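This report refers to the structure that appears directly beneath it.
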Amino acid sequence: MDFLSSISYYIHTLVANVTEAFTQSPIFAIEVFLYATIGGLLPALIWLWFWMHENHDHHEPKQTIWLTFIVGMATVFLVYPFQRLAARFIGEETPGWNTFFIWALFEEVVKYLAAWIIALRLKYTIFDEPIDAFVYLMTAALGFSAMENTLFLIGPLLQGETVTTIITGNLRFMGANLLHVASSGVLSLCIAFTYFKPVWLQRVSIWGGIIAATVVHTIFNLLIILVSETNKEMIFVAFSYVWLTLIILILALEKVKKIKEF
């Protein structure tokens, strides 16, 4: 069974298990969705609260923040078909770095689009200062991560694997949520530092930022593969990589806050 077939099999199994759960015990199925939604949303909302209070003194419109978060969640369902097509086109039984790079590229693009559709296209109104690039990209990234979290938790909960669910939730709280913030944060820096620059340079910077964010994302995914396949201790390296990226990001954001037009 190739990797694409494995993904399709997982999705098919998940859908079948959900259908069976609703048929046999609707109350249990509803409880599973409730717990998965709470487990998926809560970590992302905690990080959203942290970043909003840690890195930004100017309060953005709440309705714009929530809409960006929701659109970020919805993009999960947009990105999967493209990832699936990419895997089919590449045709590798075991995905290599190029497959992970393309998958990460799709995710970084749709997170950017979620932030752009709601806020970043409205420059000088909603997007009225450089630091806003991080605020809205971070919000879209956490929305994306929240939906990913929820989908990852449904399977173990349906199987009654409480321990697996707790472990998965903790790992995603510490890893995946922050990875999405870190990678989108890299893109936000590229946008912020060219906020007052010529339009052509802004566009070049956006694409350069997307590529840089994709590289950050891909490296983490490859480190996680090493954890699962060879050395469990590599998880320390993977998480240290994310935290180091975030520390650099936080330091850079202090510079972003001081950017002025003149």
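No lab work stands behind these numbers, since they all come straight from the coordinates. As the structure is a computational prediction, the values presented were derived from the model and not from experiment.
Tabulated data
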item: Contour excess over end-to-end distance, with Cα ends at Lys255 and Thr37 and 0.36 nm allotted per residue; result: 74.9 nm
item: Linear extension gain, His53 paired with Arg84, 0.36 nm per residue minus alpha-carbon span; result: 7.4 nm
